[in-house]
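Remarks on the structure that follows.
Values in this text are rule-based calculations from the coordinates and carry no lab data. This is a predicted model, so every value here is computed, not measured. No Cβ is skipped: glycine too gets one built from the backbone with ideal geometry, and neighbour counts run over all protein chains shown.
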Amino acid sequence: MTTKLAKSALWALALPAALQFLSGCSSIGPGTVARDRVDYGESLAESWKRQALLNVVKLRYLDPPFNLDVGQIVAGYSLETDVSLSGDLASDGNNSLGLGLAGRFTDRPTITYTPLTGARFVRSAMAPLPPDAVFYLIQAGWPADGVLFSAAASLNGLKNQQTTLAGVSPPEPEFLRVLDLLRRIQTSGAVALRIEQDTLKHETTLLTFQTKGIKPETLEEIAELRRLLRLSPEAHEFRLVFGATPINDREVAVVTRSFLHINAMLAAYVEVPAEHIAQGRATPGVGTPGPLRFASSLKQPADAFVAVAYRGRWFWIDDCDLRTKRAFSLLMMFSSLSDSGQRESLPLITIPAQ
């Protein structure tokens with residue numbers, strides 16, 4: 001009787017522990033989703049920012065930019081468990097019980113990268129951005145002055161800032177005034193985009209100005225904008241086209257920059273040592289403090305929005321510099337707009353769990 005009671009007591013102690021261990025480790029897949037989705041997303045975003053900043057800095061030194069996209073992420077997890085239970089019931093009462101637990105966890109991620117080369121590079125980096133896509137950013141709420149200062153080389157013949165080996169030629173004052181007016185009109189809600197489609201399904205993008213229910217000061221700003229862009233004072237809709245000059249006073253002709261051109265424009269604001277310019281290692285740039293600032297230092301910055309190391313220095317954007325951060329965020333948006341073709345390999349995260 002004593003032996004049976006002892007045996008029952010041993011199993012009563014051992015079985016719950018073993019079952020609890022096995023049930024708790026039955027599946028690790030669902031628990032990894034919440035963690036991995038955020039962690040991999042943050043890592044991809046941070047690496048994208050650093051690669052974008054590095055390309056801007058390299059263009060200041062006329063070092064060819066290079067993009068390496070993440071093609072696929074396969075995060076493989078494996079969890080193996082082993083439970084062993086042994087016991088010995090002796091007639092003399094010297095009973096024994098042995099419980100063994102063993103486990104092994106393996107995390108083996110596989111990441112593939114896709115270089116941006118060939119026809120895809122030409123299409124994504126060198127082709128001008130579609131004017132309607134640029135103005136849709138404005139329609140979505142992005143500031144008109146920031147978007148067009150980065151993405152537009154000219155508006156109805158008014159020229160923006162130009163970057164060359166000799167330095168940077170400033171934008172025409174009328175161009176800057178147009179950007180300021182567009183931002184003011186955008187804030188009032190008096191400007192919008194509309195798509196029309198003819199019988200042949202050809203689409204036309206129209207830029208419209210509202211006049212009903214608009215404040216008098218906004219109407220004056222719209223009238224000034226019409227004069228600067230040489231638009232019809234009577235028309236309320238204007239065709240948005242790509243080109244240096246409009247064919248009539250009912251068109252808004254925009255020469256948009258390519259993604260590579262936008263990078264080169266931002267590179268003019270990168271701070272480089274004066275000796276690098278004197279030695280011909282880097283292009284002159286803006287020469288004086290401008291609206292944007294890509295700072296540099298010998299030591300790694302403590303409070304940076306994004307920072308990269310290049311040529312023995314650190315280049316970075318101050319986390320408190322909202323204007324430069326906005327311009328850099330727009331650069332990331334333009335990167336998405338420029339990649340309009342079909343991707344050869346979509347980013348994919350596969351997490352098998354065993």
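Structure summary
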quantity: Pairwise FRET efficiency - THR106 versus VAL241, Cβ, R0 = 45 Å, nearest 0.05; calculated: 0.20
quantity: Gain on full stretching of the segment that runs from ALA309 to ASP63 - 0.36 nm per residue minus C-alpha separation; calculated: 87.1 nm
quantity: Length gained when the stretch ASP249-SER47 is fully extended (0.36 nm per residue, less Cα-Cα span); calculated: 68.2 nm
quantity: Across LYS49/LYS299; LYS159/LYS212; LYS299/LYS325; LYS215/LYS325, pairs whose alpha-carbon gap is larger than 23 Å; calculated: LYS159/LYS212; LYS215/LYS325
quantity: Contour minus Cα-Cα distance for GLU224 and ARG323 (0.36 nm per residue); calculated: 33.0 nm
quantity: Packing-based order for 203-211, 145-153, using average beta carbon neighbours within 10 Å, highest first; calculated: 145-153, 203-211
